[in-house]
Amino acid sequence: MKELLIESKGIKTSEYFIPPFELRKGELLLIHIYGTAYFYEMKAELTDIFTGKIQHENVKVVKPLTFAENFKESRFERIFSSITVSRYLKRNTNLNEDSEPKIFEENGISKNDKVKNLDYSQKKLLSLYSVFTKTKNIVFDLSGEGPVGSIKTFDFVKDQIKKDGAAILIDWAGSDVKDKCSKVITIEWLIEPRNRNKN
């Protein structure tokens, strides 16, 4: 049996329940959240648990995961000195290589490109690539991506973790992604999702 990274006995709040699961090396697990306008808030709550920022009594985090943050640039940088892909990589990776990574060539990214000019999926791939130079255990989402971009991102992550990594995808993904996951854990609502936090 492969190495255990996370063991959850179930995450229950007054509003929802996420059934028990285990995440082991080589697995890509989907936590399927649907039917709520509070997706981003819930994703942040769960990400904090899986990355070890906060503890949950029913979740044992043996090895914390890393969340692939979306690209952010300060207003000053955006106006006066916009970050290139090359500069972003020097700042955010453990690599010293000068060659173009294959994933960049396949997706039309050059090291001389300004990151702000990349489309959303290209920025997501850049962020994920950077994280994967440091760890193979991640949390990610596909929000903001179109159908083609989300599949490319998903396939990239799946390829990166297959040997010695693991990933949790927190998303409302469709069957094109669900069917490719090692495990699918679907949220169980205890209230009407649209009524969340209405009191």
Within the chain: Cβ-based charge dipole about Cα centre, in debye rounded to nearest 20 (Lys, Arg +1; Asp, Glu -1): 380
In segment 133-184, which trypsin sites (Lys or Arg not before Pro) are in a loop and have at most 10 other Cβ atoms within 10 Å, using DSSP for the loop call? Lys163
With no solvent and one point on each alpha carbon, what is the Debye value of log10 I(q)/I(0) for segment 1-59 at q = 0.23, 0.27, 0.28, 0.30 Å⁻¹? -1.09, -1.40, -1.45, -1.52
When the distances between all Cα atoms of the chain are binned every 10 Å from zero, what whole-number percent does each bin get? 8, 33, 34, 19, 6, 0
Across 5 Å bins from 0, what is the distribution of all Cα-Cα pair distances for segment 101-187, in whole percents? 3, 13, 27, 24, 20, 10, 3, 1, 0
Ordering Phe154, Phe67, Phe80 by how much accessible area each has at a 1.4 Å probe, largest first, what is the list? Phe80, Phe67, Phe154
Compute the distance from the alpha-carbon center of segment 92-167 to that of segment 48-73, in whole Å. 19
Quick one: pull the percent of accessible area on segment 1-136 belonging to carbon and sulfur, 1.4 Å probe, ligands and nucleic acids left out. 48
As an exercise, identify the trypsin sites (Lys or Arg not before Pro) in segment 18-95 lying in DSSP coil whose Cβ has no more than 14 other Cβ atoms within 10 Å. Lys53, Lys72
Lys90: which lysines have alpha carbons under 20 Å from its alpha carbon, excluding same-chain residues fewer than 8 sequence positions away? Lys72, Lys102, Lys111, Lys114, Lys116, Lys123, Lys124, Lys134, Lys136
Could you order Ile33, Ile151 by accessible surface area, starting with the largest, using a probe radius of 1.4 Å? Ile151, Ile33
antiparallel share of DSSP beta bridges within segment 43-171, to nearest 5, in %, is 25
The chain, helix-only ellipticity at 222 nm - DSSP H runs n ≥ 4, -39,500 (n - 2.57), divided by all residues, nearest 500: -9000 deg cm²/dmol
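The values are calculated or read from the model by the stated rules, or taken from the named source; none is laboratory data. Bear in mind that the values here come from a model prediction, so they are computed numbers and not experimental data. Cβ coordinates were reconstructed from backbone atoms using ideal geometry, including for glycine residues, and neighbour counts include every protein chain displayed. SASA here: full protein model, heavy atoms, side chains in, ligands and nucleic acids out. Shrake-Rupley method; radii C 1.70, N 1.55, O 1.52, S 1.80 Å.
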